Structures are given as structure tokens and as C-alpha cells.
1. It is to be established whether one or more residues within region 80-89 are closer than 14 Å to ARG116 by Cα, in contact with a Pro (Cβ under 9 Å, 6 or more places away or on another chain), at pLDDT 95 or above and among the small types (Gly, Ala, Ser).
2. Which one of ALA56, ALA66, ALA75, ALA115 is over 14 Å from the mean Cα position of the chain (by Cα) and small (Gly, Ala, Ser)?
3. When region 83-109 is examined, which residues are found to be within 16 Å of PRO29 (Cβ to Cβ) and buried (at least 20 other Cβ atoms within 10 Å of the Cβ)?
4. Taking region 36-87, which residues are among the polar types (S, T, N, Q), under 16 Å from GLY100 (Cα atoms) and assigned to a loop (DSSP other than H, G, I, E, B)?
5. May I ask you to say which residue of ASP47, ASP2, ASP60 is farther than 24 Å from GLY119 by Cβ and either acidic (Asp, Glu) or in contact with a strand residue (DSSP E or B) (Cβ under 7 Å, 6 or more places away or on another chain) (or both)?
6. Against the condition touching a residue at least 24 places away in the same chain (Cβ under 8 Å) and surrounded by fewer than 17 Cβ atoms within 10 Å (Cβ to Cβ), how does ASN61 come out, does it pass?
7. Any idea which residue in region 1-35 is nearest to the chain's Cα centre (by Cα), counting only those that are of a type in the set (Gly, Ala, Ser) and part of a loop (DSSP other than H, G, I, E, B)?
8. Restricting to region 12-57, count the residues that are of a type outside the set (S, T, N, Q), loosely packed, with under 13 Cβ neighbours inside 10 Å and out of contact with any Ser or Thr (no Cβ under 8 Å at 6 or more places or on another chain).
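The values are calculated or read from the model by the stated rules, or taken from the named source; none is laboratory data. Bear in mind the structure is a predicted one, so any value in this text is a computation, not a measurement. Virtual Cβ from ideal backbone geometry, glycine too; neighbours counted across all protein chains shown.
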Amino acid sequence: MDKLRAKSARLTRRQRRVRGKVTGTAERPRLRVTRTNNQIYAQLIDDSAGHTVVSASSIDNELRGALKSGSNIGAARVVGEALGRRALEAGVQEVVFDRGGRLYHGRVKALADGARDAGLKF
């Protein structure tokens, strides 16, 4: 159990370190990626106002039917594209990327690529 707690503590430390350097504004919100073993979530956050502008996840009703699994690279790419479309509809074109302490690899990278393909700039 100590190994699991240490792993969780390291992730929390990385998240706090990234959060200290990355801040979202109304013009350029923060794109936060949260990855679990079964799903992936993304949201655009305006830190100055303290609210979420747009969000998308692999458990959204419109995406759930199209996805075979919520925990693979394909699902992450679809979630990124959906987030990008919703952000453009909300008038957001540029964001800052918050990878949530995770490596920029695999599902996190696929979500970012999907958002870029949809038209977001970061």
C-alpha cells in the first residue's frame, strides 16, 4: 500500500508544480486533462473567474455511443475533437495546456492532437 500512496503523492506533486506555472484567463483558458484507467476528461477553465467554460469527456451522452471504449487513444482523440468544436462555438480559439501531471504521451497527446485538429491553438 505504501507504494500506491507514494505514486499518488508523486502525481499530486507534479500536478501542483504544473498548476503553479500554468494559469487560464478569459481570453486564453486552461485546457485541463484528467485521465483515469477507464475514462478521459477535458475542460477549459477560466481561473480568473473560477469557472469551467467548456468540457468534454468519454462519458458524454453524445460521445459514449460512438466510442467502443473510453480508455484508449481513439477515444481520447474523439474527446479532444469534441472539446475543440465546443470551444470554437463558445468563442475560444487559444488555450494553455495543463497535462495534469501526466506525461505528454499516449492518451494525453492524442487528446491534444484532436483539439488541435478541431482548430484550437496552443
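1. yes
2. Matching residue, one of ALA56, ALA66, ALA75, ALA115: ALA66.
3. So in region 83-109, the residues within 16 Å of PRO29 (Cβ to Cβ) come out as 83-100.
Correct list: LEU83, GLY84, ALA87, VAL92, VAL95, ASP98, ARG99.
4. Hits for region 36-87 are THR36, ASN37, GLN39.
5. Checking each option against the conditions leaves just ASP2.
6. For ASN61, the condition - touching a residue at least 24 places away in the same chain (Cβ under 8 Å) and surrounded by fewer than 17 Cβ atoms within 10 Å (Cβ to Cβ) - is not met.
7. Here the residue is GLY24.
8. Of the residues in region 12-57, the ones of a type outside the set (S, T, N, Q) are 13-14, 16-22, 24, 26-33, 35, 40-42, 44-47, 49-51, 53-54, 56.
Keeping just the survivors that are loosely packed, with under 13 Cβ neighbours inside 10 Å gives 13, 16-17, 20-21, 26-27, 49-51.
Narrowing the set further to residues that are out of contact with any Ser or Thr (no Cβ under 8 Å at 6 or more places or on another chain) leaves 13, 16-17, 20-21, 27, 49-51.
Number of matching residues: 9.
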